[in-house]
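K.L.:
First the structure, then my questions, so here it is.
The values are calculated or read from the model by the stated rules, or taken from the named source; none is laboratory data. Predicted, not measured: the structure shown is a model, and the values here were computed from it. Please note: Cβ atoms are built from the backbone with ideal geometry, for glycine as well, and neighbour counts cover all protein chains shown. All accessible areas refer to the heavy atoms of the entire protein, side chains included, with ligands and DNA or RNA removed. Shrake-Rupley method; radii C 1.70, N 1.55, O 1.52, S 1.80 Å.
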Amino acid sequence: MAEAYPYNGRLTRWQEIVDGLAIVGVTALTDPFPFIPGQYATLGLVGPSGKLIQRPMSISSPADDLSEYEFFIRLVEFGEFTPLLWNVTVGDPINIKGAKGKFVLQDDGRACLFVASGTGLAPFMSMIETLIDRGERRDIHLLHGSSYDHDLAWADRLTEIAEADLLPVRYAGTVSRPQACPNWDGLTGRVESVIASEMDRRELTPENTTIYLCGNPDMITAVEEIATARGFPAEQVRKELYWPKGRPHGPPA
């Protein structure tokens, strides 16, 4: 029997958004690590074979509070890591290390267009909450696409931020299966299908905007094509793919 892995963290929070979708808090028990908003940490749990199974997960919490690292995670039914995670409870040990990644805000003076699909919202929440904590102002336009309205995590918080002018954020969610969301009266369609009209409506151009994309690689490719057609140079389209483009079975988690 393999020895237990010497875990260095603890699961401290589990907020189920819907079945198979959760906001998760992890505390590092030794040597909390600093990070830049937009970066990811690596979570790990020991699998049935005794091997440590690890996956990179974008951090959604603000960068100036290292008491807990927050993540937005979807259960991948046939994955290796997330089924293990869904079988632990608050208080259980977990491994955490980090941070890595270059998907961070650019100090370019432009407005930010954040485009997220699914759990790709996570790094944008870290960026937004960190800006608020530091009293910094950036013009942010955030579009979040999901299958259903109940998957639009942090919608209430983002609305609160905008209404209280904690940060100049213009937020909109869009759902791709509106027929299953009878109370939904917002945008419909995949986020890449509404991006062009939203950019026109908000007057977002290469002269005034940098685009940040996070989530499904097909979404990222589609928005990149739109941005290129509109004259955005490559350095003004920042991206974080949640799994390699062309992977036949989607995310590996």
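K.L.:
What do you get for the angle between helix 191-202 and the principal long axis of the chain? Use alpha-carbon atoms, 0 to 90 degrees, nearest ten.
P.N.:
In the chain, helix 191-202 runs at an angle near 40 degrees to the longest axis.
K.L.:
Shifting gears a bit: Which net charge results for the neighbourhood of G47, defined as the other residues with beta-carbon distances under 12 angstrom from its beta-carbon, given Lys and Arg at +1 and Asp and Glu at -1? Mind dumping the intermediate values first?
P.N.:
Values: positive: K51, R55; negative: E80.
Here the charged neighbours net out to +1.
K.L.:
Then there's this: When the helix-only estimate is applied to the chain (DSSP H runs of n ≥ 4, each -39,500 (n - 2.57), divided by the residue count), what is the mean residue ellipticity at 222 nm, nearest 500 deg cm²/dmol? Kindly include the intermediate steps, with their values, before the conclusion.
P.N.:
Working: 5 runs with 51 residues, N = 253.
So the calculated ellipticity at 222 nm is -6000 deg cm²/dmol.
K.L.:
Further, regarding this structure: On the protein heavy atoms, probe 1.4 angstrom, tell me the percent of accessible surface of region 127-182 carried by carbon and sulfur. Before the final figure, lay out the partial values.
P.N.:
Working: 1120 of 2610 Å².
The C+S portion of the solvent-accessible surface of region 127-182 is 43 percent.
K.L.:
Then there's this: Suppose each label sits 7 Å from its Cα in the direction of the beta carbon; what would the D185-Q15 distance come out to in nanometres?
P.N.:
Label at D185, label at Q15, 2.6 nm between them.
K.L.:
Here are some values of Cα Rg over 2.2 N^0.38 Å: (i) 0.92; (ii) 1.01; (iii) 1.12. Which one was computed from this structure?
P.N.:
Recomputing Cα Rg over 2.2 N^0.38 Å here gives the entry labelled (ii).
K.L.:
At what distance in angstrom do the alpha carbon centres of region 176-211 and region 114-168 lie from each other?
P.N.:
14 Å
K.L.:
Now, a different point. Rounded, prolate or oblate: which one fits region 20-77, using the alpha carbon gyration tensor with axes a ≥ b ≥ c (rounded when a/c is under 1.5, else prolate when a/b beats b/c, else oblate)?
P.N.:
Numbers: a/c = 2.22, a/b = 1.43, b/c = 1.54.
Since a/c reaches 1.5 but b/c is at least a/b, the shape of region 20-77 is classed as oblate.
K.L.:
Please report the antiparallel percentage of the DSSP beta bridges confined to the chain, to the nearest 5.
P.N.:
Numbers: 29 of 55 bridges.
Taking every DSSP beta bridge within the chain, about 55 percent pair in antiparallel fashion.
K.L.:
So which lysines pass the test for K239, namely a Cα distance under 24 Å, with those fewer than 8 places away in the same chain ruled out?
P.N.:
K97, K100, K102
K.L.:
While we're here: With everything on Cα atoms, drop me the angle between helix 217-229 and the longest principal axis of the chain, reported from 0 to 90° to the nearest 10.
P.N.:
20 degrees
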